[in-house]
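Read the structure below first, then the notes.
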Amino acid sequence: MLSGASGIVVHDHWKSYYAMAGVEHALCNAHHLRELRALVEIEHEDWARQMAILLRRACHVEHLARDRNQVPNHHLIGLIERRYDTIVGNGMKFHDAMMPLATKLKRDGTPRKGRPKRRVGHNLVPRLRDHKTAALRFLTNPEVPFTNNQAERDGRMMKLKQKISGCFRSVQGAEDFAVIRTLIGTANKRGWCVIKSLMRDPQDLIGDLSAA
């Protein structure tokens, strides 16, 4: 797990991330949309269809505001949040009204210990309810993206290198690869020429980043 991290971490609700100290959390809504789509197509849960529509509309609202270098109107954010709460409430009612799943038994016929098994949708609804602020943080903070797809794309080359070569021949080689890929990614995001950036003095690049 990362140590010394700060700011806002955008992730897919992997439990270990919540153990990080000194950070705020934002949830990746691309993951939410995939889960909601499965609930709509397989389980035919209408609350999931409503939530997917709301998240896509909220993303569109945020993009329009970002194009104007603004955050969405507070009144509009309030409407989205209230609609979010209503849909989550409908999802909880839907699952609370369903028959519980059968409890798994031990070999001796006694019930297994632990929390009773729940349906996939019944696991998703409490997550959206309990982590509402993290799920909608992209609306109130223009620095927070709707998804963590960019971070996954940035890490893809390291994973690709691992798949092709299996490993690095030395720790120094791995560190050099990571530094170069980080610089290329930063240059692309800031509109810098990649070749010129690789040829510049590192201290000059640090100065440009500090002044930005």
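Quick look at the values:
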item	result
Qualifying residue in the range 83-92 (condition: in the same structural domain as Lys132 (by TED's automatic domain parsing), touching a residue at least 24 places away in the same chain (Cβ under 8 Å) and basic (Lys, Arg))	yes
Residue under evaluation His31, criteria (1) under 22 Å from Arg129 (Cβ atoms); (2) free of Cβ contacts under 8 Å to residues at least 40 places away in the same chain, criterion not met	(2)
Residue tally, condition β-branched (Val, Ile, Thr) and modelled with pLDDT under 95, over the range 83-126	3
Selection status of Ala174, among the small types (Gly, Ala, Ser), at pLDDT 75 or above, under 21 Å from Ile80 (Cβ atoms) and not in a loop (DSSP other than H, G, I, E, B)	no
Verdict on Asn123 being polar (S, T, N, Q) and within 19 Å of His13 (Cα to Cα)	yes
Filter result (of a type outside the set (Lys, Arg) and not in a helix (DSSP H, G or I)) within the range 56-99	Asn69, Gln70, Val71, Pro72, Asn73, Ala97, Met98, Met99
Hits in the range 180-196 - residues which are closer than 20 Å to Glu143 by Cβ and within 23 Å of the chain's Cα centre (by Cα)	Thr182, Gly185, Thr186, Asn188, Lys189, Arg190
Selected residue (criterion: farthest from Ile180 (Cα to Cα)) from residues of the range 190-209 that are surrounded by 13 or more Cβ atoms within 10 Å (Cβ to Cβ) and not hydrophobic (A, V, I, L, M, F, W, C)	Asp208
Any pair with Cβ under 7 angstrom, 6 or more apart, that starts in the range 9-24 at a residue that is over 19 Å from Leu136 (Cβ atoms) and in the same structural domain as Asp130 (by TED's automatic domain parsing) and ends at one that is not in a loop (DSSP other than H, G, I, E, B) and not hydroxyl-bearing (Ser, Thr, Tyr)	Met20/Val9
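The values are calculated or read from the model by the stated rules, or taken from the named source; none is laboratory data. Owing to the predicted nature of the structure, the values given are computational and were not obtained by experimental measurement. Because the Cβ atoms are built from the backbone with ideal geometry, glycine has one as well, and the counts that use them run over all protein chains shown.
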